[in-house]
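These notes concern the structure reproduced below.
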Amino acid sequence: MAHDVEYYRSGRRRFHQPDACDLDLDYDAREIPADPGLTIVTYTLAAGAAHALAFARLQEHAESQS
């Protein structure tokens, strides 16, 4: 049985965060030319996401924990 793996360089991913709700985040993966095999992945709040309020609650929660 084959288990083919696809590598996505960008897209949207849903994260479940119990203190906020489900968050849809856009991501981009960039390989580091100077260090083969390493990749940096950045996540940003999806443009026009209805989750902006939940994300703000998550930020407030993180700030209260520090």
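Throughout, read-outs are computed from the coordinates displayed, never taken from laboratory work. Owing to the predicted nature of the structure, the values given are computational and were not obtained by experimental measurement. Every residue, glycine among them, receives a Cβ derived from its backbone with ideal geometry; neighbour counts consider all protein chains shown.
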Checklist entry - At a Förster distance of 25 Å, what's the computed FRET efficiency of Arg9 paired with Leu45, Cβ-Cβ distance as r, to 0.05? => result 0.85
Checklist outcome for this item: In terms of the alpha carbon gyration tensor, root eigenvalues a ≥ b ≥ c, rounded if a/c is under 1.5 and otherwise prolate when a/b exceeds b/c or oblate, region 10-65 is prolate
